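The values are calculated or read from the model by the stated rules, or taken from the named source; none is laboratory data. The structure presented is a predicted model; accordingly, all values stated were derived computationally and were not measured. With ideal geometry, Cβ positions are generated from the backbone for all residues, glycine too; neighbour counts draw on all protein chains shown. When the accessible area is computed, the model is the full protein with side chains, heavy atoms only, and any ligands, DNA or RNA have been set aside. Shrake-Rupley method; radii C 1.70, N 1.55, O 1.52, S 1.80 Å.
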Amino acid sequence: MQADQPGPVLEVRGLRTVFDGRGGRETVAVDDASFDVAPGQCLAVVGESGSGKSTLARSVLRLVEPTAGRVRYRGTDLTALDRRALRPYRRHLQMIFQDPYASLHPRQSVLRLVSEPWRIHRDLMPEDPCARVAELLEQVGMPPAVIDMHPTQLSGGQRQRVAIARALGLEPDVLVLDEPVSALDVSIQAQVIALLMELQQSLGLTYLFISHDLALVRLVASEVIVMHHGVFVETGTTERVFEDPRDEYTRSLLAASPHL
Amino acid sequence: MSSVPAASELEVVPAADPRPTGGRLTVHRLLRSPSALLSASWLAFLVVVAVALPPFVETAANRQDLSLRLLPPFSLDEGFAFVLGADSLGRPELLQLVMGTRSSLLVAVTAVAAAAVVGMALGLVSGYFGGWVDEILMRIADVMHTIPSLLLALAVLYVLQPSVGNLVIVLAVTRVPVYLRTARAEALALRERVFVESSRAVGARDWRIIRTDLAPLVVPTIRTVAMLELASVLLAAAGLSFLGIGLQRPDVDWGMMVADGRAYLASAWWVTVLPGVAIVLTALAANLLSNWLRAAEDPAQAARFVRRPRGGRRAA
Amino acid sequence: MTTLLEVEDLRVEFLTDAGPARPAVNGVDLRLGAGETLALLGESGSGKSVTSRALMGLVDFPGVVRGSIRFDGTELVDAPDRTLRRVRGTGIGMVFQDSLDSLNPVYTVGAQLTEALQVRMGMTRADARSRSVELLEAVGIVDAEQRVDAYPHQFSGGMRQRVCIAMAVALRPRLLIADEPTTALDVTVQAGILRLLRGLTEDTGMAMVFVTHDLAVAKQVAERVMVMFDGRAVEEGSIGNVFAAPSHPYTRRLLSAHPGRARHWRDLTKGEARDDDGEETHRAG
């Protein structure tokens, strides 16, 4: 765990999320998660299905209500706010979802999808929404011609770019990327990763990168958290974790991932 | 930003696809389905008749002429208005049918529309929020389901004044649970979809999610159900008018015409049969169109609309 | 090596009522010897899955299959159902991506295995049952004696895929078609399944067509690879040669886009600049 530096963007302390299961059985999806994310950093959380990494991402954003613990965004305790007070903060922390086929409303045009968030955060509404949407589309490498298209007319990679444009429209500080490319073909995946990394550098974004793909994490993240059954089994710089894994589970994960 | 890889390098941005999709595909399929096309044409014809003709024929339709009492149909001797004969008071059957079309459609369409809008709104709220709201709404729907709707309508109209307004309200209220259940079931599934979570992540309130995310996706199902309901509401309205607690003269609808003619069934069949045929044809058309619409708009049933190529070469 | 499977000019298109169909498979030739393992590698829309379904005769109307698929001398395209039924199971076995979908939820896995063995292999009930236990043991299910009476949903995803493999190989097929069998699974589970498939082909001399989008997975199971793009086979050869020196620009791009090969994320898109022309020629076709 990294030492308390002056001004981390996100400070997560003792986060715990418990789901009520059938027959009163509780599932601890995330247990006692604590970490900091420094500005401009890309912190990766890796784990297999059921490790709790997605629930961790959603708990940080309070899309799932955490059972205990604190999430501070630039000093403000998000977990202490009620839902109304939380709403203005949502624009600073945006999320990119795994499946772009599911995360975009099928009946809305690209224009509507990208401009919809401004109807919620009215102070961000540009004077000419159309022009701003076209600008955002250009920023994610999409031609302006797609502005009137619907998600069904776009490929997976194009949809994910629209989802990124939608998030960027809110001028966020932190992007939580929940397996942002795992639903995409490998060649498209490469392009979307390149886009995300370019954007991080040019806009100074902070990334929380959720992934199961170790090879990919190694290329994008500066620090890695390995999750297993809801707990952090190993944390450290990417180089250290990959070169010198200390935990048994991390080692088995590295050994199992197929090499080219 | 110059080095951002463009989406178009590998994934070709589709040009306008000449192949029809969505609404255009539905029209495309309609033109190739005889039964659906016939049903749609019949309903469209009725709407035109109901909207365009009544102002011109209202006076002539209600003019009584006892010398023409129970005039047999299919003769042009008394003019085109009497081509379908006359009823027991010598009113031209054709013009009565035209007036009846307007009342029958007005009552059925208004009742269906009102029930659909209210039922869908309640269903969306019930399904999205769940909890005690859902419990209360569903219990009310259950209770309403156990009482036969015709019996309820009968009781209410017996107590209240039988009028067009009351008839519509009674028919609408008794049919609300149908839409409520449908919309609730869809909302239950839709609220778990990722795009709803995406809306929440950008800060949308619950009402906004119901309005902009859920409602547009529930409308097509509700529309299909409404089309099916049109047939049963039409029959229910006809039934109530037949029993004499629906519309009152000088208003007339098909059910009332059937009732009026029943005393003369043996001697003047046309007074009963013609409005009866109108009811049956319209209910049938609404049913056929509803079933067809459900299939045509379901991508999973696309194969049904493909014709096998000639020669019948079987696919392996 | 004797030729087990011979595909010539395979074309599959899906008819719609909304205009001309676009071919999903557009002239694929393929030859597989007995005991050989071929990886069918491609991204979504490349036609790899449709090809594998056509091999099993599983393309239904409105899909139309043309060309020739000869399995052990028997023509399968437009073959009567009787022929297809004979070939399926004892000739060709199949494993799908979604293991939950391919098992019947209302019967125990033992019941499903023994039924196939009784009906197709003419075994007695007792023989079929003990053979089922053997098969489950062979695919690495611990405590097979008890687990044979469990229902599909009582298995984890990886174990269920093992059950599917047991069912596919129960009738000792000479060819196994595996369509993305590990895509839905975690890497640690995937590694086990790949080892199992590899072992089965080596021990039984069964040939395998392994459909995948993952280059690293392809490398682990197959000795030969056929790269598909836009309904065509753009490159074919031994997996070592193809991955070391790809001749087609699309293969080059696939390889460079794989994060396992890159040192920096910028390397991922390096394969793209120079092969725009290759892209164009294939779109045009």
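Listed values, structure above:
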item	result
Tally, over the range C:86-141, of residues that are touching a residue at least 24 places away in the same chain (Cβ under 8 Å), part of a helix (DSSP H, G or I) and hydroxyl-bearing (S, T, Y)	3
Out of C:S130, C:S102, sole residue that is at pLDDT below 90, open to solvent by 40 Å² or more (accessible area, probe 1.4 Å) and hydroxyl-bearing (S, T, Y)	C:S102
Only listed residue being open to solvent by less than 10 Å² (accessible area, probe 1.4 Å), within 13 Å of another protein chain (Cβ to nearest Cβ) and in a strand (DSSP E or B), chosen from A:A44, A:A57	A:A44
Hits in the range B:159-179 - residues which are over 16 Å from the mean Cα position of the chain (by Cα) and small (G, A, S)	B:S163, B:G165
Long-range neighbours under 6 Å by Cβ, at least six apart or interchain, first residue at the interface with another protein chain (Cβ under 7 Å from one of its Cβ atoms) within the range A:249-260, second open to solvent by 40 Å² or more (accessible area, probe 1.4 Å) and of a type outside the set (G, A, S)	A:A256/C:T188; A:P258/C:Q220; A:L260/C:R261
Residue check, C:A54 open to solvent by less than 20 Å² (accessible area, probe 1.4 Å) and either free of Cβ contacts under 8 Å to residues at least 60 places away in the same chain or closer than 30 Å to B:R32 by Cβ (or both)	yes
Filter pass, A:G230 being open to solvent by less than 10 Å² (accessible area, probe 1.4 Å), away from every other protein chain (no Cβ under 14 Å) and small (G, A, S)	yes
Index of the failed condition, A:L86 passing every other in (1) surrounded by fewer than 18 Cβ atoms within 10 Å (Cβ to Cβ); (2) of a type in the set (A, V, I, L, M); (3) away from every other protein chain (no Cβ under 14 Å)	(3)
In the range C:57-83, the residues that are in a loop (DSSP other than H, G, I, E, B) and either in contact with a Cys (Cβ under 7 Å, 6 or more places away or on another chain) or open to solvent by less than 20 Å² (accessible area, probe 1.4 Å) (or both)	C:G57, C:V59, C:L76, C:V77, C:A79
Within the range A:236-248, considering residues that are part of a helix (DSSP H, G or I) and open to solvent by 60 Å² or more (accessible area, probe 1.4 Å), the one farthest from the other protein chains (Cβ to nearest Cβ)	A:E243
Identity of the residue in the range B:252-298, at pLDDT below 85 and in a loop (DSSP other than H, G, I, E, B), that ends up most open to solvent (accessible area, probe 1.4 Å)	B:E297
Residue check, A:E223 open to solvent by 10 Å² or more (accessible area, probe 1.4 Å) and at pLDDT 95 or above	yes
In the range C:242-269, the residues that are crowded, with 17+ Cβ neighbours inside 10 Å, among the basic types (K, R) and more than 7 Å from chain A (Cβ to nearest Cβ)	C:R252
Qualifying residue in the range B:224-246 (condition: farther than 30 Å from A:H121 by Cβ, β-branched (V, I, T), more than 14 Å from chain A (Cβ to nearest Cβ) and part of a loop (DSSP other than H, G, I, E, B))	yes
C:S68 vs. criteria closer than 20 Å to C:V234 by Cα, touching a residue at least 40 places away in the same chain (Cβ under 8 Å) and of a type in the set (S, T, Y)	yes
Candidates A:D185, A:D178 - the one that is open to solvent by less than 10 Å² (accessible area, probe 1.4 Å), over 17 Å from A:E138 (Cα atoms) and either facing chain C (nearest Cβ under 10 Å) or within 16 Å of the chain's Cα centre (by Cα) (or both)	A:D178
Pair list, Cβ < 7 Å and 6+ apart or interchain, from the range A:126-146 residues that are free of Cβ contacts under 8 Å to residues at least 60 places away in the same chain to residues that are surrounded by 15 or more Cβ atoms within 10 Å (Cβ to Cβ) and not in a helix (DSSP H, G or I)	A:L136/A:G169; A:G141/B:V4; A:G141/B:P5; A:G141/B:A6; A:P143/B:V13; A:A145/B:V13; A:V146/A:L154; A:V146/B:V13
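Yes or no, residue by residue, for (1) in contact with a strand residue (DSSP E or B) (Cβ under 6 Å, 6 or more places away or on another chain); (2) among the charged types (D, E, K, R); (3) at pLDDT below 90; (4) farther than 16 Å from C:M228 by Cβ:
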site: C:T2; (1), (2), (3), (4): no, no, yes, yes
site: C:D17; (1), (2), (3), (4): no, yes, yes, yes
site: C:G27; (1), (2), (3), (4): yes, no, no, no
site: C:R31; (1), (2), (3), (4): yes, yes, no, no
site: C:L41; (1), (2), (3), (4): yes, no, no, no
site: C:K48; (1), (2), (3), (4): yes, yes, no, no
